[in-house]
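Enquirer: Below: one structure in structure tokens.
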Amino acid sequence: MEILRAYKTKLTELLYVDPVPILQLAQSKKIITDREYNKMKCISDSEKQVIELLDKIMGKSSNVCQDFLKILKDVQDTYPQLVELFSEIEEIPSAPPSLSIEARPETLDEEHGVYQMRSRPRGYCVIINNKDFGKARLNFKTQKDRKGTDFDAEYLTKVFKWLHFEVVQYNDQTAEEIHSTMERYRKQDHSSRDCFVCCILSHGSKGAIEGTDGCSVPIREITSYFTGLKCPTLIKKPKVFFIQACQGTKTQKSVRVQADWEGHETEAELEPEDADPNTIPNDSDFLLGMATLEDYVSFRNVFKGSFYIQALCKNLELLCPRNYDILSILTTVNREVSEENMMRAKQMPEPRYTLTKKLLFPTS
């Protein structure tokens with residue numbers, strides 16, 4: 001089920017050209033009922049047919065999802081693009097067998113160095129989504145609006161709600177408003193919650209995030225609101241920040257790699273996101289996931305969202321149910337983003353952390 005959820009977009013792109021054989025196979029193998037099949041046949045838009053099929057299957061049992069994946073493997077000759085997809089899926093190693101987080105006694109978490117993650121909700125997930133930079137342009141700044149950022153905000157909301165967080169989104173915040181938001185959550189009582197997550201989608205510069213008025217907020221100031229001294233109810237609890245923004249203006253050069261097959265290069269409208277390594281406080285239990293290395297730009301597809309946030313959400317969906325810890329997930333994100341070809345440049349994300357235990361996000 002997790003694989004279908006994580007690869008839903010890619011499967012839709014591969015199958016919508018001719019979904020009828022897949023629908024017929026799914027019906028014949030009793031993966032969908034005759035009634036479901038007839039209903040899907042009546043949908044005139046082939047892309048919507050595939051989406052309806054995948055949604056219907058993901059609503060069934062894990063065994064049904066596995067049977068559907070087996071069908072797809074059997075038709076790789078008809079849909080050769082599936083060969084590459086299954087190669088990608090098979091590269092994901094199986095998670096080591098372990099107790100689910102919910103099944104572990106509390107003492108076992110401590111003994112094995114795992115952060116407790118049992119509360120419902122797990123904690124707040126604050127999303128700051130800065131898209132409209134009209135205020136900055138009134139102040140003679142040159143920032144463009146961040147087209148495509150809503151795709152990132154929607155995906156983050158979906159994933160962190162699924163991970164049992166209370167998601168709160170703020171749109172188009174100025175520098176002063178970003179400070180006010182951080183102060184609001186610093187003052188919150190987090191005693192009954194196990195974690196705090198903050199995702200910031202904006203323009204940036206070295207060591208800083210930009211408000212929609214063009215004024216900068218140092219990332220270190222943002223994270224420092226949640227030190228043990230300033231926010232005591234988050235002591236010994238993980239504080240996680242994901243930052244989609246540039247850390248400079250340099251572009252990393254792409255290096256050509258020999259491949260067995262070279263296809264046509266796809267084109268998309270890309271925009272580079274327009275932060276000093278001292279971005280996390282001298283305090284424990286922080287994780288900062290940066291979209292790119294210090295001094296370099298990050299990229300956003302205006303039709304799909306940023307490469308970093310999309311890869312992050314996809315791998316959280318895929319690997320959290322397998323009990324992968326967040327640093328292992330971010331390593332996978334690093335690899336996927338670094339392999340993308342963006343305007344003949346590349347991008348390498350960078351996690352920075354002072355975590356003292358493994359951090360897992362259980363789905364149950």
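The values are calculated or read from the model by the stated rules, or taken from the named source; none is laboratory data. Small disclaimer: the values here were computed from a predicted structure and weren't measured. Here the Cβ is made from the backbone with ideal geometry for all residues, glycine too, and neighbour counts use every protein chain on show. Only protein heavy atoms, including side chains, enter the accessible area calculation; ligands, DNA and RNA are left aside. Shrake-Rupley method; radii C 1.70, N 1.55, O 1.52, S 1.80 Å.
Enquirer: Filter the stretch 218-234 for residues that are open to solvent by less than 40 Å² (accessible area, probe 1.4 Å), over 18 Å from R193 (Cβ atoms) and of a type in the set (A, V, I, L, M) and give the result.
Expert: I219, I222
Enquirer: Something else: Determine, yes or no, whether P93 is modelled with pLDDT under 75 and over 21 Å from the mean Cα position of the chain (by Cα).
Expert: No: the conditions fail for P93.
Enquirer: Moving to a separate point now. Which residues, taken from the stretch 334-359, are within 14 Å of the chain's Cα centre (by Cα) and at pLDDT 90 or above?
Expert: None - no residue of the stretch 334-359 is within 14 Å of the chain's Cα centre (by Cα) and at pLDDT 90 or above, so the list stays empty.
Enquirer: Find all pairs meeting these conditions: Cβ atoms under 6 angstrom apart; at least six residues apart or on different chains; first residue within the stretch 201-215 and at positive phi; second residue open to solvent by 10 Å² or more (accessible area, probe 1.4 Å).
Expert: G207/P218; G207/D276; G214/N139; G214/K141
Enquirer: Being surrounded by fewer than 17 Cβ atoms within 10 Å (Cβ to Cβ), more than 29 Å from Q310 (Cα to Cα) and not aliphatic (A, V, I, L, M): is that true of K48 here?
Expert: For K48, the condition - surrounded by fewer than 17 Cβ atoms within 10 Å (Cβ to Cβ), more than 29 Å from Q310 (Cα to Cα) and not aliphatic (A, V, I, L, M) - is not met.
Enquirer: Turning to a different aspect of this structure: Please indicate, with yes or no, whether at least one residue in the stretch 273-280 is among the aliphatic types (A, V, I, L, M) and either modelled with pLDDT under 85 or in a loop (DSSP other than H, G, I, E, B) (or both).
Expert: Within the stretch 273-280, one or more residues are among the aliphatic types (A, V, I, L, M) and either modelled with pLDDT under 85 or in a loop (DSSP other than H, G, I, E, B) (or both).
Enquirer: What number of residues within the stretch 114-130 satisfy the criterion of being surrounded by 21 or more Cβ atoms within 10 Å (Cβ to Cβ) and not aliphatic (A, V, I, L, M)?
Expert: 6
Enquirer: Also, quick follow-up: So which residues in the stretch 65-90 are outside any loop (DSSP other than H, G, I, E, B) and open to solvent by 30 Å² or more (accessible area, probe 1.4 Å)?
Expert: Q66, D67, K70, K73, D74, Q81, V83, E84, S87, E88, E90
Enquirer: Anything in the stretch 20-45 that is surrounded by 15 or more Cβ atoms within 10 Å (Cβ to Cβ) and either touching a Pro at 6+ places or on another chain (Cβ under 9 Å) or part of a loop (DSSP other than H, G, I, E, B) (or both)? List them, or say none.
Expert: Scanning the stretch 20-45 gives I31, I32, M40, I43.
Enquirer: Of the conditions (1) acidic (D, E); (2) at pLDDT below 90; (3) not in a helix (DSSP H, G or I), D109 satisfies every one except a single condition; which number is it?
Expert: Of the numbered conditions (1) acidic (D, E); (2) at pLDDT below 90; (3) not in a helix (DSSP H, G or I), the odd one out for D109 is (3).
Enquirer: Sort out which residues of the stretch 115-162 are of a type in the set (V, I, T), touching a Cys at 6+ places or on another chain (Cβ under 6 Å) and over 22 Å from C215 (Cα atoms), and write them in order of number.
Expert: V159
Enquirer: Continuing with this model, one more query. Please go through (1) assigned to a helix (DSSP H, G or I); (2) open to solvent by 70 Å² or more (accessible area, probe 1.4 Å) for V17 and return the number of the only condition it doesn't satisfy.
Expert: (1)
Enquirer: Only residues in the stretch 72-83 that are within 17 Å of K8 (Cβ to Cβ) count as the first member; pair them with residues that are open to solvent by 40 Å² or more (accessible area, probe 1.4 Å), Cβ under 8 angstrom, at least 6 apart or cross-chain, and list the lot.
Expert: L82/K73; L82/Q76
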